[in-house]
Amino acid sequence: MIKKLLLIITILTALPCAPATAAAVPISIDINIALCRMGFGIATRRMSVPPAKSQQTSIHLTNYTDNTTIRHPVPLIRGTIPDANATSVTIINTSSTRPTSKIDGQAHKGKFKVLAELVPGPNKLVIKAGKDELPLMLNYKPQTNPYVVRVFLLTDNTGNTEYQTPIKNDPQDYRGNLATAMKLMQTFTAERMYDLGFGRVTFNLELDEAGQVIVRTLQAEDAAEHYYKMTGLDLWNYTDDLIRRKCPNEFAKNLVIPAFTRFDPNTKQPCAHTALGGSRLALFGGANLFTWPGTIAEAQTAFTDTTTIDTARFFSDSVGRHTFWAAASTTIGAALHELGHTFDLPHSQSPQDIMTRGFDHFNRAFTFVEPPHAQQKKPYEFSDSQVAQWAPPSAAWLKFSRWFALDEKDFTGQDKTLVTADHDLRTIRISSQNGIGAVILGTTEIAAGYVPIDYNQPPPQDIAVSMAEFGKFLTGENPAIRIIDALGFARTVPLRSLMHASFIRAWRFASITAPWNDQASFVPIHKEKLEAIRLSAASNDIATSPTAYVDFLPHFPNEQRQNIVGYVVRTFNSHKPRDITIFTGTDDALRLWLNGKLITQVLSLRTAEIDAESADAALLKGNNTIIAEVSQKTGGWGLYLRIEDKDGNDLIITDDGRISEIPDTSK
C-alpha cells in the first residue's frame, strides 16, 4: 500500500538558518577541472581562456578574449595585473556616452574584477591598471528571445513609490535600484553558467528602445495596512492575480518588490515582507531596497559598504550580519532564488547554490574580500569554492529553459517525454522525440544530482540508467526524477509512480469538453450531461498511458489546452460488492463520480501529486463506471488515480476489464 505523500511546496518562505560564518568551508563544487567518474558525480570546469591580444601590456584576461560577442549588456571581466598591491582598476567604454562609460573595479593580490556596461554593437573598451592599459573589443548583441523577465515595484492604492530607508535624503531611485539588481542577476547567471561550461546563457530582460531595463509600477487596490494583515502566500496570490489582470504576458516571469514593506519597531517584525516564488511570479519584500546599488558603477561599492543597519528601527535581512553590503547581497541573491523557482528549479543540496543559502554570498561573484560584519570582526578573504553559483543540476536545467533561449525559437509541439521502468525497477528508461535536455535526480523538493549529458552533441532521445546509479540521489521523502526536454517542456515523475502497478492508466477520453473561464467554480453539470459524457467516451478507443500519470495534453489540440474541462471514463466489472478507497491527484481541479455519485471534488489550481486526496466508496457487483473531470487553466493537465480495498491492498483493473488484487509474483 502506498502511504499518503506529503504535499510540499518548493517555495522559499524566509528560510531560517544559523548566521553565516566566514570560516564555514562548503562542500560544493570547486570550480576547477573535475571529471565525473562513473555514475552521477557533479562535474564542473573552468573555461581556459587565452588573454586578449595587446601590445606590451601586463594586464591579462582570464574569462574574455578580444572580439567576443555576448548577449547581455553587463560583462563581469576578470583578469590579472602585475601590481599585487593594487586595489583597483578602471575600465572605459569609449563607444558609450552613458554615465557608466567609466567604471572602477576591484583588484586584490594581482587579480581584478570589473563590470562594464555595453551599448548594442561593437564596444571599444580600455582597461587601465596604473601605467598599464589593455584594449578590448566586446560585441553586445541584444537577445531576441520573447520569453522575458519583468520587474515591478508594487505600491498600495495611493501609488506611493517611497520605500523605508535610514539614509538621509535618500534619492528614492527605485528604478535605478531595481534595474541595476536585474542586470547583476543576469550577469551573475551568464558568468556562472559560462564557468560550468554551458556558455554565457542567461535570461532576457524587458528593455526599452534605448536598451535600458523597463521598471514597471503596479498599483494595488487597497491601503498598505490591508496587505500587512495578509500572510506571505496570500500576498503572493493577490499579486499574481493583479499582474494577470493588469499586465498579462504569457511569455513573462515577473519579479515584484513591494514598496510598502515596513519594519514595525514595536513588534520587531517586517510587514508585507515575504520571499515566495513559483509559476510566473517571484515576490520579495522591499525592506532592504535602500542597500541596493543605483547604477552598475556603484555595484561593487554597494557590496563593500560597511554601514551598520540599526536593527531597532529597520529590518536587516542579512543573516545576522547587519551591514548594508550583507543586506544587499542576501536580498538581491534571494530575489534571484525566487526567480529560480519560477524557472521550475527546486531547492538544492549544494551549499553555494543560489537555490540554497548560497544566495547570501551573491556579492562574492563581484568581489574578493568581505568586509567585517556583526559576526566577523575582520575582513574575510574567501576562496573560489565559496562563491555563490548555480550548481550543475540547476545550471543543466536552466540551459534548456525557454527563458534562456537567447533568440526566438520555435517552441510549438508537444511534450513527448516518457519515463518507464522494467518490472522489478532495475532499469529506468527516459525517452523524448524532442531530445532530452536535462535529467535531475532527488526528491520533488530537492535537486541532489543529475545525469551527465554531452552538451557538445545534439540532445539524446533516449537514456537508460540502472536503478543502482539513480539510487544514491533518489533518497528522502518523495523521490522523483525531473526532466526538461530540448523544447523546454518540463515534468516531474515521482519514483512511486514507476514502482506500483495499481494506478489506472487505461481510460477512454470523452469528446465532450467545456470552457472553464471561472476558476472560482466548477462548470455546471447534471445527470443527463454525465450520461452524455459516458456515451461519448464509450465510442472512443481506450488510451493507455505509459506512466502512472495520465497526461491529458496529448489528447487535445493546442487550441484546447487552456481554460478547459476534460473527461475520462473507465468501466470495469467487480465479481462482488466491496468497499474501496480511491486515491487521486490532478492538475488542476478534480471532480470524480462512481456510478453517477459524486465522491470527490477539489477546486484548486495545483500540480498533480500522487495520493493528494482520497475518498471511500462502494463498488457494485457487476459493472461500475468512474468518470473523472479534470479542469485545466494553463500548464500541465493530468491525473493520478489508484484504488485500494478496505484492508489497504492495491487493486488493479485487468486488460479484460475486471477489478482484482495485484497477483503475488514472489511465489
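Within the stretch 520-542, being among the polar types (S, T, N, Q) and touching a Ser or Thr at 6+ places or on another chain (Cβ under 8 Å) holds for SER536, SER539, ASN540. In the stretch 238-268, the qualifying residues are those that are of a type in the set (S, T, N, Q) and modelled with pLDDT of 95 or more, and the one that is surrounded by the fewest Cβ atoms within 10 Å (Cβ to Cβ) is ASN249. Would you call PHE314 buried (at least 23 other Cβ atoms within 10 Å of the Cβ) and not small (Gly, Ala, Ser)? For PHE314, the condition - buried (at least 23 other Cβ atoms within 10 Å of the Cβ) and not small (Gly, Ala, Ser) - is not met.
Residues that are without any contact (Cβ under 8 Å) to a residue 60 or more places away in the chain and surrounded by fewer than 17 Cβ atoms within 10 Å (Cβ to Cβ): which strands (runs of 3 or more DSSP E) entirely in the stretch 60-108 hold 3 or more of them? Result: 88-93. All told, SER329 meets the bar of being crowded, with 22+ Cβ neighbours inside 10 Å and in a helix (DSSP H, G or I).
Taking the conditions exactly as written (of a type in the set (Val, Ile, Thr), crowded, with 23+ Cβ neighbours inside 10 Å and more than 18 Å from PRO293 (Cα to Cα)), does ILE354 satisfy them or not? Yes; evaluated as a whole, the condition is true for this residue.
Number of residues in the stretch 516-532 that are over 38 Å from the mean Cα position of the chain (by Cα) and either part of a helix (DSSP H, G or I) or surrounded by 13 or more Cβ atoms within 10 Å (Cβ to Cβ) (or both) equals 6.
Checked against (1) over 28 Å from the mean Cα position of the chain (by Cα); (2) of a type outside the set (Lys, Arg); (3) at pLDDT 95 or above, ASN177 meets all criteria but (1). For the stretch 479-530, which residues satisfy the criterion of being of a type in the set (Val, Ile, Thr) and farther than 21 Å from GLU609 by Cα? ILE512, THR513, VAL523, ILE525, listed by residue number. Within the stretch 583-639, the residues that satisfy the criterion of being assigned to a strand (DSSP E or B) and polar (S, T, N, Q) are THR584, THR586, THR600, GLN601, SER614, ASN623, ASN624, THR625, SER631, GLN632. Got at least one residue in the stretch 320-327 being in contact with a Phe, Trp or Tyr (Cβ under 7 Å, 6 or more places away or on another chain) and at pLDDT 95 or above? Yes. Restricted to the stretch 266-325, the set of strands (runs of 3 or more DSSP E) holding at least 1 residues that are assigned by TED's automatic domain parsing to the domain that holds GLN212, touching a Gly at 6+ places or on another chain (Cβ under 9 Å) and aliphatic (A, V, I, L, M) comprises 275-278, 281-284.
Within the stretch 533-554, the residues that satisfy the criterion of being of a type in the set (A, V, I, L, M, F, W, C) and not in a loop (DSSP other than H, G, I, E, B) are ILE533, LEU535, ALA537, ALA538, ILE542, ALA543, VAL550, LEU553.
So that you can scan it fast, the table gives a plain yes or no per residue for (1) among the acidic types (Asp, Glu); (2) modelled with pLDDT of 95 or more:
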position: VAL602; (1), (2): no, yes
position: TYR640; (1), (2): no, no
position: ASP655; (1), (2): yes, no
position: ILE659; (1), (2): no, no
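Screening the stretch 120-234 for strands (runs of 3 or more DSSP E) wholly inside it with 3 or more residues that are closer than 30 Å to THR412 by Cβ returns the ranges 148-155. Does PHE152 qualify as being surrounded by 17 or more Cβ atoms within 10 Å (Cβ to Cβ) and over 30 Å from ALA224 (Cβ atoms)? Judged against the criteria, PHE152 is not a match.
What's the total number of residues in the stretch 264-307 that are closer than 30 Å to GLU250 by Cβ and small (Gly, Ala, Ser)? Full working, then the answer.
Going residue by residue through the stretch 264-307, those that are closer than 30 Å to GLU250 by Cβ are 272-286, 289, 292.
Okay, now just the ones that are also small (Gly, Ala, Ser), so 272, 275, 277-279, 282, 285-286.
Total meeting the criteria: 8.
For LEU154, state whether it is assigned by TED's automatic domain parsing to the domain that holds TYR380 and in contact with a Pro (Cβ under 7 Å, 6 or more places away or on another chain). Here the answer is yes, as LEU154 does meet what is asked.
Listed by first and then second residue, the pairs with beta-carbon distance under 7 Å, at least 6 apart or on different chains, first residue in the stretch 206-228 and surrounded by 15 or more Cβ atoms within 10 Å (Cβ to Cβ), second at pLDDT below 95 and not in a strand (DSSP E or B), are ILE214/ASP208. Flag set for GLY278, criterion: out of contact with any Asp or Glu (no Cβ under 6 Å at 6 or more places or on another chain), of a type outside the set (A, V, I, L, M) and on the phi > 0 side of the Ramachandran plot. Could you tell me whether the stretch 641-661 includes any residue that is surrounded by 19 or more Cβ atoms within 10 Å (Cβ to Cβ) and part of a loop (DSSP other than H, G, I, E, B)? No; the residues of the stretch 641-661 include none that is surrounded by 19 or more Cβ atoms within 10 Å (Cβ to Cβ) and part of a loop (DSSP other than H, G, I, E, B). The residue that is farthest from GLN461 (Cα to Cα), among those in the stretch 374-427 that are modelled with pLDDT of 95 or more, part of a loop (DSSP other than H, G, I, E, B) and touching an Asp or Glu at 6+ places or on another chain (Cβ under 9 Å), is PRO379. Out of GLU477, GLU469, one residue alone is in a loop (DSSP other than H, G, I, E, B) and over 22 Å from GLN414 (Cβ atoms). It is GLU477.
Please enumerate the residues belonging to the stretch 93-123 that are in contact with a strand residue (DSSP E or B) (Cβ under 6 Å, 6 or more places away or on another chain) and among the charged types (D, E, K, R). Correct list: LYS102, ASP104, LYS111, LYS113.
Of all residues in the stretch 112-129, those being surrounded by fewer than 16 Cβ atoms within 10 Å (Cβ to Cβ) and not hydrophobic (A, V, I, L, M, F, W, C) number 4. All of LEU134, LEU207 fail the test of being touching a Ser or Thr at 6+ places or on another chain (Cβ under 8 Å) and closer than 20 Å to ALA297 by Cα, apart from LEU134. For the criterion of being outside the structural domain of GLU250 (by TED's automatic domain parsing), more than 33 Å from the chain's Cα centre (by Cα) and among the aliphatic types (A, V, I, L, M), ILE582 fails.
The values are calculated or read from the model by the stated rules, or taken from the named source; none is laboratory data. These numbers come from a predicted model, not from an experiment. Cβ: placed from backbone, ideal geometry, glycine included. Neighbour counts: every protein chain shown.
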